[in-house]
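**Q** After the structure tokens below, expect a handful of questions from me.
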Amino acid sequence: MTERSFSTFVVERRWWIIAGWIVLAALVMPSASRVDERLDVSASVAGSESARVQALIASRFPAAFPSYAVVVITDGAAPTTASGRGILVSLRDPLSKLPFVSGTLSYLDAPDSAFVGSRGETYMVVGLNTQGRRPDDLVPLLRAATGSLEPGLRARFPNISFRWTGEIPLNYDLRKASASDARQAERRVLPLTAILLLIAFGAVAAALLPVVAGAASISLALGGAVILTAFWPLSLLLQNVVAMLGLGLGIDYALLVVGRFREALLKGMSSRAAAEESARRAGHTILISGAAVAIAFASLLIVPVNEIRSIAVGGLLVIVVTVLLATSLLPAILSLLGTRINTGKIRRLSLGADSDRWRRWGRFVCAHPVAVLLLASAPLAAVALQAGRLSTDLPRGDWLPRDMESSRGLQTLSGMKTSGIVNAVRVVIHLPRESTWDSPAGWAALRRASEALSRDGRVSRVRSLTTVTGSISPNLQLLSAMPTDALRSMATADGRLALIEVLPSESAGVRGAGELVRELRAMPTGSLLGLPGSSIEVGGLPALNVDYEASTIGRFKSVVLTVVAVTLVSLLIGFRSALVAIKAVALNLFSVAVAFGAVVLVFQDGHGIRALGLDSALGGTFPAIPLIVFCVVFGLSMDYEVFLVARIAEARDLGLSDDEAIVEGLARTGGLITSAAAIMIAVFAAFMLGDFVLIKILGFALSVAVLVDATVMRIAIGPALLKLGGRWNWWPGKAYHVVHSVPNIQLPVTESHGRLNVPSQSVS
């Protein structure tokens, strides 16, 4: 189906189109309300060593708590007292009766000083059986169980509190904070975007329609994501991406369609003819833009991390929805609204009207292209150079949202110098058949490894068979006296596997634990144990973080090359111009580099970071940030490139010189680009105000990228490069074929039997 026939179909079947969308909304939108329930909060790396160790511990060391949470007790009584032990008993007994709790470990089981804080605080490790359950489903049940105990204990301990922390509660709280930030950002940005659209369009009805389109895009995409969870587990992190893109692209595309429709009405067209014109001319632009964003997000599917793949799925869902809404439902509605789209008019100036200011600027760029290029690119290049220092480590310091229960619990553990219990490194020892752990050689190997790890300055304590028993050689009598669960939490019955649990020190923190994991994995086989035929596998939360970073950063180059290559081919097909395609890709990469550099200066180095609600420099920016920022920025930057270059191509196709075409392109699209960018920046900036640091960094990076791209790249650097390229810009094809994709077109138009006839002229 051609663009003309599709636009005609949309308008002629408008009632069917609208009815179809109503049915789809009725089927899909209700699911969006269950997004918090159905989307996962845990992170995993498919096929990684940390995943193998997790599965191995679950199957061979079930008593070792393969999955666990930690409940921290404050303002009660020290566990060394009878009252304190009574609190632990009152906590242990109801928790042990829960069907998903596999066991508990506290001062009651091991009267170790590590369980006692300086102010009497203590904690209990609770093993969780997550088989057949989502780990995040257990957190509310655990909190409900301890919450029911607090009223009875407060008669004696008025300020007593139970705070759940650990990997599972932290993931649960972080993703919930992320979802809450997304909802709050939507509420903040919708009124602001409505005001910006009102300024751009000068009419209430025209301003509200894009806002409604953006909100509908989010609801439909989230509803679709929830439905997909029946077949494919998805992470809650996609909610933020859907909210960002749904508002940004949904409003952006609707702005383009509505603006084109109003211009057609101003030329005297009927409502149906104007709707067909907007569907045809704006539709091709939207398809090119949507394809560019989709290409970027689709490339994320090659990363074997559930969160990254979920972001890819969420991005693709919202892109498809926004494109379909803008190219079908909006033209159908506009054909019915007609001149009522201007209801609530506050001024006569319409979006896309000629701008003397933009014309003057276009003439200046054409007169001084080299000066404009140097002056505009030099400061941006200085920022972009900082991108080389971008660190993908997890942020240092206390960057977790302060209001999270799991964060407060972790702070208490840190004060007790025992936060390593949450960040434990778990080393599975594989022993040869002839040297099992209960043999002299096997025991010596375990002792050697445990002592080597204990001497490491990044380690606070080591738990293994040799450290628990204190025995130099295997003492079968001592081992037989150990509780079965304790023994089976550290060694298997067949003697082939043993488990060493390493708790990082407070000074080492997350980074030190990650370094330890890398060093252990890099050791030659058997060197830690000093036993031929032995080997180790390293797991635990620090290992998951290492695998997460390796999977994201390790595939960053592949993603970049894939996106650049496919986008370059798409632009070559769309514009039939090698130079324009190469220029577009180069400017997109420049925008990405500037965004990375700004992130380094603000979040990594701390310049102006207090203005964003953080106390100090983070030193790191999360492993996922480069991938997400690159894909989103690279895709979105294509919007403005298509808007501007297509309009310049149309002007040249009508017989204007290269200089006149550049001036005309800037005059026709300068206002559109700045209006669209202002809305996009407002959307992304709204996410900077939340508590989830990853989303804060993402919102900042995208805001900077769009600001730079719309104000400097496309309005200064891009036109200057086009001027310098001259007629080579359009080699080897012609410019006309992109005319239909141009917003704000003002070609001579006549009507014949309800259809639009646009005269075609060849390029000289």
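The values are calculated or read from the model by the stated rules, or taken from the named source; none is laboratory data. All values reported here derive from a predicted model rather than from experimental measurement. Cβ atoms come from the backbone with ideal geometry, glycine included; neighbour counts cover every protein chain shown. Quick note on the areas: whole protein, heavy atoms, side chains included, nothing else; ligands and nucleic acids left out. Shrake-Rupley method; radii C 1.70, N 1.55, O 1.52, S 1.80 Å.
**Q** So for region 24-67, what percent of the C-alpha to C-alpha distances run longer than 15 Å?
**A** 63 percent
**Q** Given 4 °C and 1.567 mPa s, how large is the Stokes-Einstein diffusion coefficient of region 229-372 in µm²/s, with Rh as the Kirkwood radius over Cα pairs?
**A** In µm²/s, the coefficient is 73.
**Q** Cα axis of helix 3-12 to longest principal axis of the chain: angle in degrees, 0 to 90, nearest 10?
**A** 90 degrees
**Q** Ok, one more. Counting Lys and Arg as +1 and Asp and Glu as -1, each charge on the Cβ, what is the dipole of region 243-319 about the Cα centre in debye, to the nearest 20?
**A** With only Lys, Arg, Asp and Glu charged at Cβ, the dipole is about 240 debye.
**Q** Please list, or write none, the lysines whose alpha carbon is within less than 27 Å of the alpha carbon of residue 345, excluding same-chain residues fewer than 8 places away.
**A** Those lysines meeting the cut-off are 267.
**Q** Once the Cα gyration tensor of region 118-165 is diagonalised, what are the square roots of 5 times its eigenvalues, in whole Å and ordered largest first, as equivalent ellipsoid semi-axes?
**A** After scaling each eigenvalue by five and taking roots: 25, 14, 7 Å.
**Q** Here is a follow-up. Can you work out the Karplus-derived ³J(HN,Hα) for every residue in region 669-683? Use 6.51 cos²θ - 1.76 cosθ + 1.60 with θ = phi - 60°, whole Hz, and x for glycine or proline.
**A** Result, ordered by residue: 10, x, x, 5, 5, 5, 5, 4, 5, 4, 5, 4, 5, 4, 5 Hz.
**Q** Using modelled backbone amide H atoms (1.01 Å from N, in-plane), which distant-in-sequence or interchain residues come within less than 5 Å of residue 102's amide H?
**A** 127, 128, 129
**Q** Report, ordered by chain and residue number, the lysines lying within cross-link reach of residue 723, taken as a straight Cα distance under 20 Å and ignoring same-chain residues fewer than 8 apart.
**A** Result set, ordered by chain and number: 583, 734.
**Q** Another question about this same structure. If you filter region 141-173 for trypsin sites (Lys or Arg not before Pro), then keep DSSP loop positions with at most 12 other Cβ within 10 Å, what is left?
**A** Sparse-neighbourhood loop trypsin sites (Lys or Arg not before Pro): 156.
**Q** A further question follows. For 40, 252, 485, give me the order by solvent-accessible area with a 1.4 Å probe, most accessible first, ignoring ligands, DNA and RNA.
**A** Output order, biggest surface exposure first: 485, 40, 252.
**Q** When the accessible area of the chain is computed with all protein chains present and a 1.4 Å probe, what percentage of it is carbon and sulfur?
**A** The value for the chain is 60 percent carbon and sulfur by accessible area.
**Q** Another question, then. How much accessible area per residue does the chain have, counting only protein heavy atoms and a probe of 1.4 Å, in square angstrom?
**A** On a per-residue basis, the chain sits at 38 Å².
**Q** I'd like the distance separating the alpha-carbon centroids of region 438-505 and region 563-603, in whole Å.
**A** When both Cα centres are located, 55 Å separates them.
**Q** Could you compute how much accessible surface residue 49 exposes when probed at 1.4 Å, giving the result in Å² to the nearest 10?
**A** Residue 49 exposes around 40 Å² with every protein chain in place.
**Q** On alpha-carbon atoms, Rg over Rh for region 134-281 using Kirkwood Rh?
**A** Over the Cα atoms of region 134-281, Rg/Rh equals 1.23.
**Q** Probe 1.4 Å, all protein chains in place: accessible area of residue 345 in Å², nearest 10?
**A** Surface accessible to solvent at residue 345 totals approximately 120 Å².
**Q** Give me a comma-separated list of calculated 3J(HN,Hα) values for region 545-560, in order, Karplus coefficients 6.51, -1.76, 1.60 applied at θ = phi - 60°, integers in Hz, x for any Gly or Pro.
**A** Residue by residue, region 545-560 yields 4, 5, 5, 4, 5, 5, 6, 7, 5, x, 9, 4, 4, 4, 5, 4 Hz.
**Q** Per the Debye formula with a single identical scatterer at each Cα and no solvent contribution, what log10 I(q)/I(0) holds for region 87-189 at q = 0.11, 0.12, 0.15, 0.18 Å⁻¹?
**A** The Cα Debye sum returns log10 ratios of -0.43, -0.51, -0.74, -0.98.
**Q** I need the trypsin sites (Lys or Arg not before Pro) found in region 411-506, filtered to DSSP loop residues with at most 12 other beta carbons within 10 Å of theirs.
**A** 433, 455
**Q** Here's a follow-up. Would you tally the net charge around residue 613, using a Cβ to Cβ cut-off of less than 10 Å, leaving residue 613 out, and scoring K and R as +1, D and E as -1?
**A** My count for the surroundings of residue 613 gives 0.
**Q** Given the convex hull of the Cα atoms of region 371-462, what is a quarter of its surface area in nm²?
**A** Quarter of the Cα hull surface area: 12.0 nm².
**Q** Determine, at each q value in 0.20 (inverse angstroms), the log₁₀ of I(q)/I(0) that the Debye formula gives when each Cα of region 543-687 is one equal point scatterer.
**A** Debye intensities relative to I(0), on a log10 scale: -1.27.
**Q** What fraction of the Cα pairs in the chain, stated in percent, has a spacing above 37 angstrom?
**A** Value for the chain (Cα pairs over 37 Å): 48 percent.
**Q** Filter the trypsin sites (Lys or Arg not before Pro) in region 173-206 to those in DSSP coil with at most 16 other Cβ atoms within 10 Å of their Cβ, and list the result.
**A** none
**Q** State the Cα centre-to-centre distance between region 651-682 and region 138-184 in whole Å.
**A** 54 Å
**Q** Can you tell me the orientation of helix 238-266 relative to the chain, as the angle in degrees between its alpha-carbon axis and the longest Cα principal axis, to the nearest 10?
**A** Compared with the principal axis, the helix lies near 10 degrees.
**Q** Here is a follow-up. Report the charge-dipole magnitude of region 18-172 in Debye, nearest 20, computed about the Cα centre from +1 at each Lys and Arg Cβ and -1 at each Asp and Glu Cβ.
**A** My answer is approximately 240 debye.
**Q** Helix-only estimate, please: 222 nm mean residue ellipticity of the chain, summing -39500 (n - 2.57) across DSSP H runs of length 4 or more and dividing by its residues, to the nearest 500.
**A** For the chain, the value works out to -19500 deg cm²/dmol.
**Q** May I pose another question? Could you work out how far helix 306-324 tilts from the main Cα principal axis of the chain, as a 0 to 90 degree angle to the nearest 10?
**A** 20 degrees
**Q** Moving on to the next point. For region 3-161, take the convex hull of the Cα atoms, compute a quarter of its surface area, and give me that in nm², please.
**A** 16.4 nm²
**Q** How large is the charge dipole for the chain, taken about the Cα centre, if only the Cβ atoms of Lys, Arg (+1) and Asp, Glu (-1) carry charge, to the nearest 20 debye?
**A** The dipole magnitude comes to about 1160 debye.
**Q** With 10 Å bins from zero, work out the P(r) of region 87-147 over every alpha carbon pair and list the percent per bin.
**A** Each 10 Å bin holds this share of Cα pairs: 20, 50, 27, 4.
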